[in-house]
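In what follows, a single structure is set out as structure tokens and then discussed.
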Amino acid sequence: MPDPSAGVLARLDLRGRRPGLRELRTALPRAEFDVEAALGAVRPIVEDVRARGAAALQEAAVRFDGVAPPSIRVPAEVVQQAADSLDPAVRAALEESIRRARIVHDDQRRTDTTTRVADGGTVTERWVPVDRVGLYVPGGRAVYPSSVVMNVVPAQAAGVPSLAVASPPQRDHGGWPHPTILAACALLGVDEVYAVGGAQAVAAFAFGFEEGEHVCEPVSLVTGPGNIYVTAAKRLLKGLIGIDSEAGPTEIAVLADASADAEHVASDLVSQAEHDPLAAAVLVTDSPALAEQVEAALVARVAATKHTERVAEALAGRQSAIVLVDDLEVGLDVVNAYAAEHLEIQTVDAAAVAARVRNAGAVFVGTWAPVSLGDYCAGSNHVLPTGGCACHSSGLSVQSFLRGIHVVEYDEAALREVGGHVVTLARAEDLPAHGEAVLARVPDVEPGA
């Protein structure tokens, strides 16, 4: 386990050996994030929304957000007013973020592929967007208009015909979601917006509800990050709806050697630690000197940053550490085992090192690509797998909103050619009626032929 007495960040010293994957997964720091424990609290909220709809949503808003929204559906004029009142500099930054995200995500759109298996027999993989999605934008310690961009742009690029955004009501803004979030919706052309947060938002999307003359239709898919209760609701309702992921606290890992700038590394660790006291910040390095320099830089930066207490708690937590290794080979083992949401490579020949990374939500290469660039304006998506899930899952993309449908077309000759094999395999599996469905069409085929 990391040594918590080492300084701002605990130390995990792996020098002198090359641990295997099993040991690394046990030893590396992780935030405690018990979704199962949250299910008990979430289940009655979800059931109440299913049973009572808008009334339950209003009561949940008072209970959890401290304010009842004037209506769950945010009127179109309120959304537009937020855009009209937006600070011009923020508007310009959001528009540039949208522009760059569209460039990247438009290039992700898959094309249908038809494969000729035999004369008269083809299989086409057709990519079809989901019918309707619910996009969740959190609104707790910070305001996340960037998450509106990251959720909406790939859904639109995929061709999703119906999408809605939900974000918690705010006491300081008349019970509506934060105006910057509403403004981002307006800039993206989204006019179906709901003032609802937490587990109840996921339930509202899953079941739908009526409010006066307005009907919120159920969705097929819910995406977007949130707290542990949002994640628990996603787990509970998965199957009724699709989900993007079970997002946990944010993570940054930095793989660095002696060539790295300690101030850059420290600033990047602080930038992610300010999200949440559970945020993880991990430095993996083969340079003890750099580790010391980063520690010194962190002392000054933590004291000077706006959210000092939050950052200090995140860096001191069991989820954050400096991991010392003998060389970059072991460093790559460590970061591939850790599978960070965000991974920075700050080494000599960073591009070559980055090319050897197998597990990460997103990789930021070299001195001039901090994680915060990806959070806002790189063009990449910042809704990424956490908690080591990057070893098997991807971040949000156009593919998240598409389904592959196989379309099978065979003519009589093509079925006759392969029909005997179908009958043989059906009988081998003791499912003779499967074979009989072929024989009803081409009764003269010989099994095994």
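The values are calculated or read from the model by the stated rules, or taken from the named source; none is laboratory data. The structure displayed is predicted, hence computed values, not measured ones. Ideal geometry is used to build each Cβ from the backbone, glycine not excepted, and the neighbour counts take in all protein chains shown.
Does Gly366 meet the test of being of a type in the set (Gly, Ala, Ser), touching a residue at least 12 places away in the same chain (Cβ under 8 Å), more than 21 Å from Tyr144 (Cβ to Cβ) and surrounded by fewer than 20 Cβ atoms within 10 Å (Cβ to Cβ)? In short, yes.
Quick check on my filter: what residues within the stretch 129-166 are under 30 Å from Val311 (Cβ atoms) and in contact with a strand residue (DSSP E or B) (Cβ under 7 Å, 6 or more places away or on another chain)? Before the answer, list the steps.
Going through the stretch 129-166, the residues under 30 Å from Val311 (Cβ atoms) turn out to be 135-153, 165-166.
Within the stretch 129-166, Leu135, Tyr136, Val137, Gly139, Val148, Asn151, Val152, Val165, Ala166 qualify.
From the list Val117, Val104, Val67, which residue is at negative phi and in a helix (DSSP H, G or I)?
Val104
Restricting attention to the stretch 400-424, the residues that are assigned to a helix (DSSP H, G or I) and in contact with a helix residue (DSSP H, G or I) (Cβ under 8 Å, 6 or more places away or on another chain) total 7. For Gly139, the conditions (1) closer than 23 Å to Ala54 by Cα; (2) modelled with pLDDT of 95 or more; (3) small (Gly, Ala, Ser); (4) touching a Pro at 6+ places or on another chain (Cβ under 7 Å) all hold with the exception of (2).
Could we say that Gly175 is in contact with a Pro (Cβ under 6 Å, 6 or more places away or on another chain), in contact (Cβ under 8 Å) with a residue 60 or more places away in the chain and either farther than 14 Å from Val62 by Cα or in the same structural domain as Gln81 (by TED's automatic domain parsing) (or both) here?
yes
At pLDDT below 95 and under 30 Å from Arg91 (Cβ atoms): does that describe Val383? Spelling it out, Val383 is indeed at pLDDT below 95 and under 30 Å from Arg91 (Cβ atoms).
From the list Val79, Val46, Val62, the lone residue that is over 27 Å from the mean Cα position of the chain (by Cα) and modelled with pLDDT of 95 or more is Val62.
The sole residue among Leu373, Leu425, Leu415, Leu431 that is under 26 Å from Val143 (Cα atoms) and either surrounded by 16 or more Cβ atoms within 10 Å (Cβ to Cβ) or of a type outside the set (Phe, Trp, Tyr) (or both) is Leu373. Looking only at the stretch 123-145, which residues are farther than 23 Å from Gln200 by Cβ and buried (at least 21 other Cβ atoms within 10 Å of the Cβ)? Scanning the stretch 123-145 gives a single hit, Pro129.
Yes/no per residue for (1) surrounded by fewer than 17 Cβ atoms within 10 Å (Cβ to Cβ); (2) touching a residue at least 24 places away in the same chain (Cβ under 8 Å); (3) part of a helix (DSSP H, G or I):
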site: Ala199; (1), (2), (3): no, yes, yes
site: Ala204; (1), (2), (3): no, yes, yes
site: Glu210; (1), (2), (3): yes, yes, no
site: Val215; (1), (2), (3): yes, no, no
site: Val219; (1), (2), (3): no, yes, no
site: Val222; (1), (2), (3): no, yes, no
site: Pro225; (1), (2), (3): no, yes, no
site: Ala232; (1), (2), (3): no, yes, yes
site: Gly242; (1), (2), (3): no, yes, no
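The set of residues in the stretch 313-359 being touching a Pro at 6+ places or on another chain (Cβ under 9 Å), without any contact (Cβ under 8 Å) to a residue 60 or more places away in the chain and not charged (D, E, K, R) consists of Ala314, Ala339. Annotation note: Cβ proximity below 8 Å between a residue of the stretch 8-34 that is farther than 20 Å from Glu251 by Cα and a residue that is assigned to a loop (DSSP other than H, G, I, E, B) and among the acidic types (Asp, Glu) (sequence gap 6+ or interchain) occurs for Leu14/Asp326; Arg15/Asp326; Gly16/Asp326; Arg18/Asp326.
Taking the stretch 376-400 as the range and being surrounded by fewer than 24 Cβ atoms within 10 Å (Cβ to Cβ), polar (S, T, N, Q) and more than 14 Å from Val152 (Cα to Cα) as the test, the residues that pass are Ser393, Ser394.
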